[in-house]
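Below is one structure, written out as structure tokens; comments come after it.
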Amino acid sequence: MVVAEGKPQSSIDTAEAPVAPDPESRIRALFAETICLMGRRKRAPEIEIGFHAFAGLNSYIRIRNQKVVIRISDILLGAPLEVLRALARILVAKLFRQKVDGEATQVYSAFVSDPAIRSRVETARGLRGRKRLTAPQGRYRDLDRSFDRLNREFFGGNLPKPRLSWSQQKARTVLGHTDHVHDTIVISRRLDSPSIPNYLFEFVLYHEMLHLKHGSRLINGKRYCHTRAFRADERRFPSYLKASARLGRLSNPLG
């Protein structure tokens, strides 16, 4: 979720938002009410709201040209009123730099974790999302060759091979991620370097391969990827302790 650029401005021209039956007017009125309540204002600012065909459940709120601009994923069209109200509370809290309401987060998370909604999200990502991929052969390391070796050693050669790619940039904050929708593993180009030990590179790739094996589980309305079974398999890597310690000195690296 992308949220809140800029600070709320008390000089914004205000106007009350009318309640109307169409989705945009209804949600505009809902956000106006939420802004007044959380911002302790008597009148709502001018609000521009719209649904957008994002590749996922992205929604954002920001101040632009002295009005509040809100864009909501079209996947949320037809969502229950309490879910839209929860989203409004989450976004407005971020706009005003307030603590996000735990109850609102729970209501919204429960809705977006529903299998039917997750299916719509994955369909949208598959149809709308774009994945810029590179060849698996890097300058110093070959993702294809390393995947095949790890697959034989740890998965009995039974793990279907996804598309393998180096990242476009030398990402420092995420060293690897698995995209189930596009059936892709992307490894940071930062690891395609002789200065990075091979055991560290292979551990990152092995971690992402475990995501292919274990997928995710829905527990109490929340989706978990790093389950107990996942962590147990992760510890099977021969250099697990050494790799974990090395990664601990880097920024949060694994998805």
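Every number here is computed from the coordinates shown, using simple stated rules; none is lab data. All figures in this text were calculated on a predicted structure; none of them were measured in a lab. Neighbour counts run over all protein chains shown; Cβ positions are idealised from the backbone, glycine included.
Among beta bridges from DSSP that stay inside segment 143-248, the antiparallel ones total about 65%.
Applying 1/(1 + (r/R0)^6) with r as the Cβ-Cβ distance of Ala229 and Lys161 and R0 = 25 angstrom yields a FRET efficiency of 0.70.
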